[in-house]
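The following block contains the structure, expressed as structure tokens.
The values are calculated or read from the model by the stated rules, or taken from the named source; none is laboratory data. Treat the numbers as computed from the prediction; the structure is a model and nothing was measured. Note: ideal-geometry Cβ built from the backbone for every residue, glycine included; neighbour counts use all protein chains shown. Please note that ligands, DNA and RNA were not included when accessible areas were found on the heavy atoms of the full protein model with its side chains. Shrake-Rupley method; radii C 1.70, N 1.55, O 1.52, S 1.80 Å.
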Amino acid sequence: MGTRRSPTGNRATARHQIPEPLRRDVRLLGSLLGKVIADSGGTSLLRDVEKLRGLVIRGRDAGRYERDAERLVASWPLERAEMVARAFTCYFHLANLAEEHQRARVIRERDRGATPMSESLAATVAELRPRLGRKRFDELVEKLRVHPVFTAHPTEARRRAVVTAIRRVGEQMEKLDDPRISDPERQEADRRLVEEVDSLWRTAQVRSAHVTPLDEVRSLMAIFDETLFRMVPEVLRSFDSALGRPAPAFLRFGSWIGGDRDGNPTVTAEITAETMTIQSEHALLALEAVATRVGRSLTVDVETTPPSAALRHRLARPSAEPHRELLLDAARRIRATRMGEDGAYGCARDLLTDLRTVQDSLVAAGATRLASGELQHLIWQAETFGFYLAELEVRQHSTMLRDGQSDTLDLLRTIASLQTRFGVESCSRFVVSFTRGAGDIAAVYELARRAAPDGPPVLDVVPLFETLDDLSHATRVLDEMLELEPVRRRIRANGRRIEVMLGYSDSAKEAGPLSATLSLHDAQAALTQWARDNRLDLTIFHGRGGALGRGGGPANRAVRAQAPGSVNGHFKVTEQGEVIFARYGNRAIAQRHLEQVTSAVLEASVPRPARSDPALAFRELAATIDGPARTAYRRLVDADGFDEWFLEVSPIEELGRLRIASRPARRAPGRRVRDLRAIPWVFAWSQMRLNLPGWYGMGSGLAAASLGDLRRAYAKWPLFNAMVDNAEMSLAKTDRRIAERYLGLGNRPDLTAMVLGEYDRTLEQVLAVTGHRRLLEDRRVLSWAIELRNPYVDALSHLQLRALRAMRDRKISRSDRARAERVFQLTVNGVAAGLQNTG
């Protein structure tokens, strides 16, 4: 079969390029896992794992070893295949942890430097304030709003128990990295580390029950409890220090988990109500704990720090430590709010009044350090999370507003009750997916009137434009919306603000990544001009996925690539599934991520004339590459028999039967690709090692233009630059040889040739445009990490193919089919962890 040369590099070079601390951590965790495997499954199991590992590593250089790996996997009984799959999956969990640990380590080291990190808030303020002038810069800061919205992910492959086990391993790694610990403490951390790796190995990787929406809600609560609540004050403190004055609480969080009904019959009105109850419980518990801690530490007395008249008025009785007394009273009232007892706060604004009364009194008494310290952190937390943690948004498909009105009426009654109990801000946005016209928006307001005639809920109904046709007609629909009295009334009440959501997933599934990217940019430019013409403050809500085929990629680069004027101080975006844990599972990484995004939002909000948009200079180039790219993509997905072929070559049907999410893989029953959600569509291709939605059609598009024009666009047009770089990343995570094994399952050499031909074309064109000799040449650590991971992912792919063939064998026994399904799900987890993306 000849020699295979990796498009990203070679392993020997890769090993030397990886930072030594990361190599050390991977070696340590890998050796501990090997010890645990041998202790648990015997040396023969470890020997089989090592034999497969050696074959797939050598298989990267010589094809015959790849065949040897296939034969080895085929020779094992399914029970042994399952244990080997577990070993490689656990390895990737630990390798990912080591990389996360290294990223946090690097962030901390850079933070200790004399100059601010690039894309930090300190660096951005230092650069922008002199350029804009203090007045214009302060105006920009005051309207700043960064708003991540967490969504459930139908392809989040890891169990919550596995995530927790990984986190415990990480805690011991943090201890071992601390130079301040004593020898006995280090010995104890070493012992605990082995124990926690052992626990991870023995924790079931495969779910035994289907995931429910409330399971997904509780998974998000873990992120809030362990990261978000404590991290937000750190981000705002960084901004505060950079500004040299109190920073506004510019962060807000939203959630669709428990509220997204689009295609998910398990999300009922009762589930939505229970979701908000859970969220409120966590928010109030956290606020109560901080108020108690800060109150107990605020022991200033009336002699050194006399209270203000406003503070004395708030106290029921005189106190020697009045500031402490009012804060502890606030903690008691937060608890009463949580328990539904007398003395409860009516809303978070009432709590903030008490907190600011204490703060203002401290300032008046000269205790400015105490006023701006831990108390300020509590104020920021109350401003950011309120009593409901994250605004719960609901989403419904436009057709269900006509076909499922009774369910929608129940939902709207629930929204009204949530607003009464938790405040209007807790749940007021109603997203209409696949909005076709203003009638879809009007239907929501009419149903709300019917649901609660004595007091309908306050609603911001958000149109979601997803298909290319809908994107092109977005401004026409908005013109029609402005004719609706409920919309006009809402705009008058909220300061002429309006929100529009754009869907990245379905547009890319419809037309391919290149055409979708260009269409979305054109839609943003048109919406920005429309808002300017109508004197409206527009927020564009970006429905981006985690995977590159669904608009994913570095969020800060995505912000900078937006059309001029479209950001305007506001950035709202979905955060999904495994991306939530990757970006927010570690406090240092979460803070760095939000600082980078905020930095990009500030920079992108600097006023620029519309004519400065590089898209205008490259309009002809865009038209040149758009047509051929879209044609190539549609030629594949519209090919005769494509749906049946896709079901054969991909694990899509098997993925649909896994217990990894509450939402079905399809919007409608059947086997048509058109009914398949974009998330499982992308997930299936990534499991096949093709990542096709991230690059397909781009080669044909780029080949239609001159290389000189393409290179100029790559240098001067941020949108084009990000699009090509994201395609390069997708190609780097594609493996042609493994993909051929999956494509061979379909017995359609014509379609296989079409796919592989476009892969080769895209690889050639992307390297030509970037000027790279190999993929990711300018992102060395990332490219070498992928190079080192690939053989291990190969092992899991061979095991998955083995399991797929067994699952599709009609002669197999029921017990063997069940075993094959467990092997399959383990490999799904492992490949997702190895590639660090799912859907």
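Please list, ordered by chain and number, the residues whose modelled amide H lies under 5 Å from the amide H of residue 541; skip anything fewer than 5 residues away on the same chain.
500, 501, 502
Could you pull the accessible area for residue 304 with a 1.4 Å probe, rounded to 10 Å²?
100 Å²
Assuming R0 = 30 Å, can you tell me the calculated FRET efficiency for the pair residue 209 and residue 811, based on Cβ-Cβ distance, to the nearest 0.05?
0.55
Mind checking which of 415, 132, 165 is farthest towards the positive end of the chain's charge dipole, using Cβ charges of +1 (Lys, Arg) and -1 (Asp, Glu) about the Cα centre?
Final value for the positive-end residue is 165.
Tabulate in residue order the Karplus-calculated ³J(HN,Hα) for the range 629-641, using 6.51 cos²θ - 1.76 cosθ + 1.60 with θ = phi - 60°, rounded to whole Hz; enter x for Gly and Pro.
5, 5, 4, 4, 5, 5, 4, 6, 6, 9, 4, 4, x
First measure r as the distance between the Cβ atoms of residue 631 and residue 480, then evaluate 1/(1 + (r/R0)^6) with R0 = 41 Å and state the FRET efficiency to the nearest 0.05.
Plugging the Cβ-Cβ distance into 1/(1 + (r/R0)^6) gives 0.80.
Within the chain, what percent of beta bridges assigned by DSSP are antiparallel, to the nearest 5?
5 percent
Using a Förster distance of 25 Å, how high is the FRET efficiency between residue 493 and residue 138, based on the Cβ-Cβ distance and rounded to 0.05?
0.45
Which angle from 0 to 90°, rounded to the nearest 10, does the C-alpha axis of helix 229-243 make with the longest principal axis of the chain?
Relative to the chain, helix 229-243 is tipped by roughly 70 degrees.
Heavy atoms only, probe 1.4 Å: what % of the accessible area of the chain goes to carbon and sulfur, would you let me know?
Carbon plus sulfur share of accessible area: 50 percent.
While we're looking at this one, here's another question. Using the Karplus equation 6.51 cos²θ - 1.76 cosθ + 1.60 (θ = phi - 60°), what ³J(HN,Hα) coupling, rounded to whole Hz, does each residue of the range 335-351 give in order, writing x for Gly and Pro?
Result, ordered by residue: 4, 4, 5, 5, 8, x, 9, 4, x, 5, 6, x, 6, 5, 4, 5, 4 Hz.
Taking amide hydrogens as modeled 1.01 Å from N in the peptide plane, which residues meet the under 5 Å criterion relative to residue 691, leaving out close sequence neighbours?
The list, which skips near neighbours in sequence, is 686.
Taking the Cα centre of the chain as the origin, how large is its charge dipole in debye, to the nearest 20, when only Lys and Arg (+1) and Asp and Glu (-1) carry charge on their Cβ atoms?
1440 debye
I've got another one for you. Lysines near residue 35 by alpha-carbon distance under 17 Å, same-chain residues fewer than 8 away left out - which ones?
51
If each residue of separation counts as 0.36 nm, what is the full-extension length gain between residue 126 and residue 164 once their alpha-carbon separation is subtracted?
That works out to 9.7 nm of additional length.
How large is ³J(HN,Hα), in whole Hz, for each residue of the range 304-312 in order, when computed from phi with the Karplus curve 6.51 cos²θ - 1.76 cosθ + 1.60 and θ = phi - 60°, using x for Gly and Pro?
Listing the rounded values in order: 7, 9, x, x, 6, 4, 5, 5, 4 Hz.
Work out how much length residue 195 to residue 368 would gain on full extension: take 0.36 nm times their residue separation and subtract the Cα-Cα distance, in nm to one decimal.
57.6 nm
Let me ask another. Any lysines with Cα under 27 Å of the residue 509 Cα? List them, leaving off those in the same chain fewer than 8 positions away.
Output for residue 509: 572, 733.
Put a dot 7 Å past each Cα toward the Cβ at residue 780 and residue 281; how far apart are the dots in nm?
Distance between label points: 5.1 nm.
If you don't mind, another one. Extension gain residue 336-residue 50, at 0.36 nm per residue separation less the Cα-Cα distance, in nm?
97.1 nm
Using Cα pairs closer than 8 Å and at least 6 residues apart in sequence, work out the relative contact order for the chain, in percent.
Relative contact order of the chain: 18 percent.
Considering only DSSP states other than H, G, I, E and B, which trypsin sites (Lys or Arg not before Pro) in the range 474-535 qualify as loop sites with at most 12 other Cβ atoms within 10 Å?
Answer in residue order: 535.
How much accessible area per residue does the range 43-114 have, in Å², with a 1.4 Å probe?
I get 45 Å² per residue for this part.
Under the rule a/c < 1.5 gives rounded, and otherwise a/b versus b/c splits prolate from oblate, where does the range 56-95 land using the Cα gyration tensor?
Because a/c hits 1.5 or more and a/b fails to exceed b/c, the range 56-95 counts as oblate.
Counting only heavy atoms of protein chains, what accessible area per residue, in Å², does the range 247-319 have with a probe of 1.4 Å?
So the range 247-319 comes to 42 Å² accessible per residue, rounded to a whole number.
For the pair residue 344 and residue 711, how long in nm is the line joining their label points, each one 7 Å along Cα→Cβ?
It is 6.8 nm.
Is the range 125-276 rounded, prolate or oblate when judged by the Cα gyration tensor, a ≥ b ≥ c being the square roots of its eigenvalues, rounded requiring a/c under 1.5 and prolate requiring a/b larger than b/c?
oblate
Continuing with this model, one more query. Would you mind pulling out the separation of the Cα centroids of the range 212-231 and the range 323-341, in Å?
Between the Cα centres of the range 212-231 and the range 323-341 lies a distance of 24 Å.
Right, something else. Using a simple charge model, +1 on the beta-carbon of Lys and Arg, -1 on the beta-carbon of Asp and Glu, nothing else, what dipole does the range 459-511 show about its Cα centre, in debye to the nearest 20?
Dipole magnitude for the range 459-511 comes out near 440 debye.
Right, next: Please tell me the relative contact order of the range 43-152 in percent, rounded to the nearest whole number, where contacts are Cα pairs under 8 Å and at least six residues apart.
Relative contact order comes out at 14 percent.
Sort 761-771, 398-408 by packing, meaning the average of other beta carbons within 10 Å per residue, with the highest value first.
761-771, 398-408
Non-local amide H neighbours of residue 462 (under 5 Å, H modeled in plane, Pro and chain starts lacking H): which ones?
Those lying under 5 Å, H to H, from residue 462 are 430, 431, 432.
At a threshold of 8 angstrom on Cα-Cα distance, excluding pairs fewer than six apart, so keeping six or more, what relative contact order does the range 674-827 reach in percent?
It comes to 25 percent, rounded to a whole number.
Assign one of three labels to the range 722-839, namely rounded, prolate or oblate, based on the Cα gyration tensor with a ≥ b ≥ c the square roots of its eigenvalues; rounded applies when a/c is under 1.5, prolate when it is not and a/b is larger than b/c, and oblate otherwise.
Oblate, since a/c reaches 1.5 and b/c is not below a/b.
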